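Colleague: What follows is a single structure, and I will ask about it in a moment.
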């Protein structure tokens, strides 16, 4: 009759065996993704040839100095003011009806381009009489009414703030 087993010895894997197993897994993964690995190596080669890889390495090595410079630049008054303006403009843009804003901007852009083309052809000076006569044109009158309404609305809001 056999002797009973009283002690189970656990097999310990050495560092070399771990590395060999990891290498086998890596070879299998590379073999399974051969095309992707080739593309990745080509991408890295292009980064190296263009100097981007070297610049990125230098940036990483000097990351603490770069971070200090970036933070000091961001803390300057003009930069914080600009960031506040960007947030204010983003808030304004978010409050506008996208369809109406797009339509208004489209009209302004196409009107400005058309006006630019027309004024580059004609350099005739506009007199006071021509200005009053132009107000009878329905298109000009509509635009003047629009800007007068906008000025009135802006003025009302400015008056309610004080």
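Colleague: Suppose we filter 61, 124, 68, 133 for residues that are more than 28 Å from the chain's Cα centre (by Cα) and modelled with pLDDT of 90 or more; which single one remains?
Modeller: That would be 133, the only listed residue that is more than 28 Å from the chain's Cα centre (by Cα) and modelled with pLDDT of 90 or more.
Colleague: Now for a separate question. Collect the residues in segment 118-141 that are surrounded by 10 or more Cβ atoms within 10 Å (Cβ to Cβ) and assigned to a helix (DSSP H, G or I), keeping them in residue-number order.
Modeller: Hits for segment 118-141 are 119, 130, 131, 133, 134, 140, 141.
Colleague: Is it true that some residue in segment 2-14 is in a helix (DSSP H, G or I) and either exposed (fewer than 10 other Cβ atoms within 10 Å of the Cβ) or assigned by TED's automatic domain parsing to the domain that holds residue 143 (or both)?
Modeller: Checking segment 2-14: not a single residue is in a helix (DSSP H, G or I) and either exposed (fewer than 10 other Cβ atoms within 10 Å of the Cβ) or assigned by TED's automatic domain parsing to the domain that holds residue 143 (or both).
Colleague: Yes or no: residue 66 in contact with a helix residue (DSSP H, G or I) (Cβ under 9 Å, 6 or more places away or on another chain), outside any helix (DSSP H, G or I) and without any contact (Cβ under 8 Å) to a residue 12 or more places away in the chain? Steps first, please.
Modeller: Details: in contact with a helix residue (DSSP H, G or I) (Cβ under 9 Å, 6 or more places away or on another chain): yes; outside any helix (DSSP H, G or I): no; without any contact (Cβ under 8 Å) to a residue 12 or more places away in the chain: yes.
Considered against the rule, which asks whether it is in contact with a helix residue (DSSP H, G or I) (Cβ under 9 Å, 6 or more places away or on another chain), outside any helix (DSSP H, G or I) and without any contact (Cβ under 8 Å) to a residue 12 or more places away in the chain, residue 66 comes out as no.
Colleague: Criterion first (assigned by TED's automatic domain parsing to the domain that holds residue 139, out of contact with any strand residue (DSSP E or B) (no Cβ under 8 Å at 6 or more places or on another chain), in a helix (DSSP H, G or I) and surrounded by 10 or more Cβ atoms within 10 Å (Cβ to Cβ)) does residue 45 satisfy it?
Modeller: No, not satisfied.
Colleague: Tell me, yes or no, whether segment 86-109 has at least one residue that is under 30 Å from residue 140 (Cβ atoms) and either touching a helix residue (DSSP H, G or I) at 6+ places or on another chain (Cβ under 7 Å) or not in a helix (DSSP H, G or I) (or both).
Modeller: yes
Colleague: A follow-up question, please. Do we have residue 30 as surrounded by 10 or more Cβ atoms within 10 Å (Cβ to Cβ), at pLDDT below 90 and either not assigned by TED's automatic domain parsing to the domain that holds residue 140 or not in a helix (DSSP H, G or I) (or both) here?
Modeller: Yes, satisfied.
The values are calculated or read from the model by the stated rules, or taken from the named source; none is laboratory data. In this text the structure is predicted, and so the values were computed from the model without any measurement. Every residue, glycine as well, gets a Cβ built from its backbone with ideal geometry; the counts of neighbours run over all protein chains shown.
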